[in-house]
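The values are calculated or read from the model by the stated rules, or taken from the named source; none is laboratory data. These numbers were taken from a predicted model, which means no experiment stands behind them. Quick reminder, even Gly has a Cβ in these numbers, built from the backbone with ideal geometry, and neighbours come from all protein chains shown.
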Amino acid sequence: MPDDVYHIKIKNGHNKRLRFWFAPVSDKIMNARADWLDDAELSCDNISTKELVYPFIKKHFPGEFKWRNELNLMPFENALAMAREMRRVSKLMKRNFTDPRLASYKRRITIDLLVSEQEYEERFANASERQKRAAVADHIGVVTEFYTAIADYIEDTVEEYEPKGFHSIAIYAPH
């Protein structure tokens, strides 16, 4: 199944079924003088985001990232640095997936994150580890598309909401 058929679940707006959320935050929201902007959220598949995006969050998050739906605020400056790094890694993955600089990212990418459950059961459940690694390389467009979507969201959110007094991206993660 080609990459353009399967995509990691990611939706604009609040989606309670996709439980890894990004949202812009202002002081008014933090002081309960304004509501959360559900329409401005980005909702992502929990497992895929944890495995594929957390390495970027860990590197750019100021302080200790908290799980279990705790409020994590990433200042816009850090979020933009994270988006730039996601774009660099994505470009490198497209250009040279065997580059050793990708090793720490590639360790977290498994074929079951990149294909539908049905395709995984049909084609990869009984595959060897070598075949699964080769399949990851064949489906890397799913990852690069996911990284690009998150980087686009961050950059667009900062551009739109920073002039309105917003300062951070809230990140919620279930576990």
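Here the condition is being under 14 Å from residue 172 (Cβ atoms), out of contact with any Ser or Thr (no Cβ under 7 Å at 6 or more places or on another chain) and among the basic types (Lys, Arg); of 28, 58, 16, 9, it holds for 16 alone. The residues of segment 30-47 that are surrounded by 16 or more Cβ atoms within 10 Å (Cβ to Cβ) and either assigned to a loop (DSSP other than H, G, I, E, B) or modelled with pLDDT of 90 or more (or both), listed by number, are 37, 40, 41, 42, 43, 44, 45. When segment 7-29 is limited to residues that are surrounded by 19 or more Cβ atoms within 10 Å (Cβ to Cβ) and part of a loop (DSSP other than H, G, I, E, B), the one that is nearest to the chain's Cα centre (by Cα) turns out to be 8.
Residue count for segment 71-108 under the criterion of being of a type in the set (Val, Ile, Thr) and at pLDDT below 95: the result is 1. When both residues are 6+ apart or on different chains and their Cβ atoms are under 9 Å apart, which pairs have a first residue that lies in segment 4-33 and is within 18 Å of residue 78 (Cα to Cα), and a second that is among the acidic types (Asp, Glu)? Once the first residue is within 18 Å of residue 78 (Cα to Cα) and sits in segment 4-33, its partners that are among the acidic types (Asp, Glu) give 21/41; 22/41; 23/38; 23/41; 24/41; 24/160; 24/162. Does segment 102-123 contain at least one residue that is buried (at least 21 other Cβ atoms within 10 Å of the Cβ) and aromatic (Phe, Trp, Tyr)? So far as segment 102-123 goes, no, none of its residues is buried (at least 21 other Cβ atoms within 10 Å of the Cβ) and aromatic (Phe, Trp, Tyr). Of all residues in segment 127-151, those being more than 11 Å from the chain's Cα centre (by Cα) and not basic (Lys, Arg) number 13. With respect to (1) at pLDDT below 95; (2) in a helix (DSSP H, G or I), the lone exception for residue 175 is condition (2).
For segment 48-138, the helices (runs of 4 or more DSSP H) that sit wholly inside it and include 1 or more residues that are in contact with a Lys or Arg (Cβ under 7 Å, 6 or more places away or on another chain) are 76-95, 111-114.
Looking only at segment 146-165, residues that are more than 11 Å from residue 10 (Cβ to Cβ) and small (Gly, Ala, Ser) come to 2 in all.
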